[in-house]
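Q: One structure, pasted below without further comment.
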Amino acid sequence: MKQAILVLLFISLYGFTASAQDDAALARGNDFYRRQLFERAEDQYREAVNADPSNTIAQYNLGNALYQQKKFDEAVKWYSSAAAGEKDIVQKSSAHYNAGVSHVRQNDLESAIESFKSALRLTPYDKQARENLQKAMLELKKKQDQQKQAQKEREKNPSKMNQDQANKELERLQEKEKKLQNRIQKQNKEQGGGGAKDW
C-alpha cells in the first residue's frame, strides 16, 4: 500500500519590515488565501514581491498560493528563493519542506529527498520532515527496484514483442500472404483456365 506524503503549508503572518504598500499587499494576499482565492492571493503576493524583491515572507506565501493552484514548478522556485534569503531558521526550514512536498507532487523524488534533508539540517526535530524523507526514500527505492526488474526482464526475454509490434508484424505477414495469393491466381490464369489442380 502506497503511503501518502504529508503536506504541511504555512501562511506566515510574522512581523513585517517592508513598506506600508508591501504590508497591505501581503495582508490582502493572506486574506485571499484564507478564503481560498488562490489566484487573487498570488496576484497580491506578486505585488508585494515586486515592491520588495527581498521580502521572503511574500516569496514564501507566493509559493503557497502557487502550490494550491498545482503550479508546482513555480512554487519550488519561490520556496527556494525564500529559503535562500530567509534568516529565521524555522521559516527557512519550512520553505525547504514545502519545496520537498512540491517535488513529490511532480514525482521528482530525488529533489524531494534533498529538500527534506535541507529542512532537517535546520530543524532536526521536525517529525513530519523526517517521516516524509523516509517515505520519499522508500518510494524512490521501490521505483528503482521496479526499473531494475523491468530491465532484467527485457534482458532475459529480448525477443518479446509488445502488442503494437505484434500487430504490425501480423499486418506485414497478412499483406505478404495476400500478395502471394494474388501472384498464384495470376499464374493460374496465365497457364490456361484456372482449373483446379490436383496436388
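Q: Set the bar at 22 Å for Cα to Cα. Now go through LYS117/LYS141; LYS70/LYS148; LYS117/LYS143 and name every pair that lies beyond it. Can you show the working numbers first?
A: Numbers: LYS117/LYS141 16 Å; LYS70/LYS148 31 Å; LYS117/LYS143 20 Å.
Checking Cα-Cα distances, LYS70/LYS148 exceed 22 Å.
Q: Same structure again: Estimate the FRET efficiency between LYS168 and ASN50 by the formula 1/(1 + (r/R0)^6), using the beta-carbon distance for r and 35 Å for R0, to the nearest 0.05. Don't skip to the answer; put the middle values down first.
A: Values: r = 55 Å, r/R0 = 1.58.
For R0 = 35 Å, the calculated efficiency reads 0.05.
Q: Of all chymotrypsin sites (Phe, Trp or Tyr not before Pro) in the stretch 93-127, which ones are in loop regions per DSSP and have a Cβ with at most 14 other Cβ atoms within 10 Å?
A: Numbers: sites: TYR97, PHE116, TYR125; in loops: TYR125.
In loop regions of the stretch 93-127 (DSSP not H, G, I, E or B), the sparsely surrounded chymotrypsin sites (Phe, Trp or Tyr not before Pro) are TYR125.
Q: With a Förster radius of 35 Å, plug the Cβ-Cβ distance of GLN134 and ASP73 into 1/(1 + (r/R0)^6) and report the FRET value to the nearest 0.05. Don't jump to the answer; show the numbers that get you there.
A: Values: r = 25 Å, r/R0 = 0.71.
For GLN134 and ASP73, the calculated efficiency is 0.90.
Q: Distance in nm between label sites at LYS186 and ARG34, each 7 Å beyond Cα in the beta-carbon direction?
A: In this crude spin-label approximation the distance works out to 8.4 nm.
Q: Something else now. How high is the FRET efficiency from ASN107 to LYS127, r the C-beta distance, R0 35 Å, rounded to 0.05? Kindly include the intermediate steps, with their values, before the conclusion.
A: On the way: r = 24 Å, r/R0 = 0.69.
Once the sixth-power term is evaluated, E becomes 0.90.
Read-outs throughout are calculated quantities, based only on the coordinates presented, and are distinct from any laboratory measurement. Just so we're clear, the structure is a prediction, and the values are computed from it rather than from any experiment. Quick reminder, even Gly has a Cβ in these numbers, built from the backbone with ideal geometry, and neighbours come from all protein chains shown.
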